[in-house]
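No value in this document is a laboratory result; all are computed from the given coordinates. What you see is a predicted model, and the numbers here were worked out from it, not measured in a lab. So basically every Cβ, Gly included, is an ideal-geometry build from the backbone, and we count neighbours across all protein chains shown.
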């Protein structure tokens with residue numbers, strides 16, 4: 001049986017917007033990891049119990065965890081659906097369908113994702129790999145005696161690549 005593989009972590013920008021573009025839109029990459037790669041699917045070979053990592057500054061990680069939760073589930077209770085003006089019977093059916101696709105329960109993002117809050121002190125991600133925030137949007141990964149610096153800052157004329165061009 002073939003199945004998709006791919007990344008298991010997202011390093012968030014310290015900035016919400018760079019050069020007029022949103023910098024942290026982690027919802028679709030996370031959904032890719034959870035569903036297309038099978039990290040969340042019952043009985044899938046890639047469902048080892050490991051969760052994808054969301055890595056970055058505390059404010060950005062918390063905002064993305066909430067964004068992903070709402071993106072994954074939308075309204076999360078019968079009360080929220082009713083408060084949106086949906087009739088009782090329709091709201092109950094919507095919640096039944098939602099719970100079916102959520103494998104029986106609406107879970108907090110922390111059940112689906114592993115948060116790593118990074119400041120200037122090194123934080124272990126996994127298996128001896130550490131990350132430290134060196135300055136605004138600049139991070140250093142270390143493993144044993146190896147290191148690599150990552151600069152997420154865009155130059156003044158640089159823009160994020162559009163993942164899909166609408167025609």
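Filter the helices (runs of 4 or more DSSP H) completely within the stretch 1-113 down to those with at least 3 residues that are more than 14 Å from the chain's Cα centre (by Cα).
78-83, 88-101
Residue-wise test of (1) touching a strand residue (DSSP E or B) at 6+ places or on another chain (Cβ under 7 Å); (2) part of a loop (DSSP other than H, G, I, E, B); (3) surrounded by 12 or more Cβ atoms within 10 Å (Cβ to Cβ).
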| site | (1), (2), (3) |
| --- | --- |
| 124 | yes, no, no |
| 132 | yes, no, yes |
| 139 | yes, no, yes |
| 147 | yes, no, no |
| 150 | yes, no, yes |
| 156 | no, yes, no |
| 159 | yes, yes, no |
| 162 | no, yes, no |
| 167 | no, yes, no |
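Given the structure, is residue 39 buried (at least 17 other Cβ atoms within 10 Å of the Cβ) and farther than 20 Å from residue 118 by Cβ?
yes
Name the single residue that is surrounded by the most Cβ atoms within 10 Å (Cβ to Cβ) among those in the stretch 51-69 being out of contact with any helix residue (DSSP H, G or I) (no Cβ under 9 Å at 6 or more places or on another chain) and under 16 Å from residue 108 (Cα atoms).
61
Tell me yes or no: at least one residue of the stretch 12-34 is free of Cβ contacts under 8 Å to residues at least 40 places away in the same chain, closer than 23 Å to residue 103 by Cα, buried (at least 20 other Cβ atoms within 10 Å of the Cβ) and out of contact with any strand residue (DSSP E or B) (no Cβ under 6 Å at 6 or more places or on another chain).
Yes; the residues of the stretch 12-34 include at least one that is free of Cβ contacts under 8 Å to residues at least 40 places away in the same chain, closer than 23 Å to residue 103 by Cα, buried (at least 20 other Cβ atoms within 10 Å of the Cβ) and out of contact with any strand residue (DSSP E or B) (no Cβ under 6 Å at 6 or more places or on another chain).
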